[in-house]
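Everything on this sheet refers to the single structure shown next.
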Amino acid sequence: MIADFLRPEAILLQLDAKDSSDIITRLGSALHQLGIVKDNFIQATLDREASMPTGLPLAGEVNAAIPHVDVEYVNQPAVGLATLKHPVTFQNMIDPDEAVPVQLVIMLALDQPKSQVEMLQQISAVLQDETAIDRLMRAQTPEDVYDALN
C-alpha cells in the first residue's frame, strides 16, 4: 500500500515550486534528511528525469509526475508526495516532446526492482480515481493525505 511507504516528513502540501527540478530537489531533500536515500539520489533522479521523463497526463484537471530512480540510490523504501499551488512542467513519459502541467508529484525511493512495479500499479490505481486526486489536492495535513489514499 502506498500509505505504508509514505513518510509524513516527505509530504509537502501546496508548495510553490519554480519548476520540475525544484520539486524533485525538495522532495529528494526531505527523503535525504531522513536517511532514506543516498547523497547522489537527487542528482540521479534529475538525470533520469531528463532522459526518461515521468509526467503523466490524467483524465481530470490535475496531472501527475512520478519521479524515481534505480534502487542503488536508495537506503530504505519510502514514498514522498507533493501537491503544488501552481502547475510546473514535466515532460510526458509516453511522448517526451510533450509538456505536461503537473500539480501532483509522487516520488518513489524503492530498494527492490519488483517493488517499483507493484508500487507503480498502486499509484496508477490512485491516479485513475478522480475523488482520491481531488482529496489529495485539497489536503492540508499529512493525515488528510493518508485518508485520501486509504
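The values are calculated or read from the model by the stated rules, or taken from the named source; none is laboratory data. Keep in mind the model is a prediction, meaning the values are calculated, not measured. Using ideal geometry, Cβ is built from the backbone for each residue, glycine included, and neighbour counts are taken over all protein chains shown. Accessible surface areas use protein heavy atoms only, side chains included; no ligands, DNA or RNA. Shrake-Rupley method; radii C 1.70, N 1.55, O 1.52, S 1.80 Å.
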Among the residues that make up the stretch 126-140, is at least one of them touching a residue at least 24 places away in the same chain (Cβ under 8 Å), surrounded by 13 or more Cβ atoms within 10 Å (Cβ to Cβ) and under 21 Å from Ile36 (Cα atoms)? no
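Do we find a residue being in contact with a Phe, Trp or Tyr (Cβ under 7 Å, 6 or more places away or on another chain), without any contact (Cβ under 8 Å) to a residue 60 or more places away in the chain and open to solvent by 30 Å² or more (accessible area, probe 1.4 Å) anywhere in the stretch 52-64?
No, the stretch 52-64 has no match at all.
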Val126 fails exactly one of the following numbered conditions: (1) in contact with a helix residue (DSSP H, G or I) (Cβ under 7 Å, 6 or more places away or on another chain); (2) under 22 Å from Asp47 (Cβ atoms). What is the number of that condition? (2)
Glu9 fails exactly one of (1) closer than 18 Å to Asp134 by Cα; (2) of a type in the set (Asp, Glu); (3) assigned to a strand (DSSP E or B), namely (1)
What are the pairs, 6+ residues apart or on separate chains, where a residue within the stretch 81-109 that is in contact (Cβ under 8 Å) with a residue 12 or more places away in the chain and at positive phi has its Cβ under 7 Å from a residue that is buried (at least 22 other Cβ atoms within 10 Å of the Cβ) and among the hydroxyl-bearing types (Ser, Thr, Tyr)? none
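Got at least one residue in the stretch 75-94 being open to solvent by 40 Å² or more (accessible area, probe 1.4 Å), under 26 Å from Ala132 (Cα atoms) and polar (S, T, N, Q)?
Yes; the residues of the stretch 75-94 include at least one that is open to solvent by 40 Å² or more (accessible area, probe 1.4 Å), under 26 Å from Ala132 (Cα atoms) and polar (S, T, N, Q).
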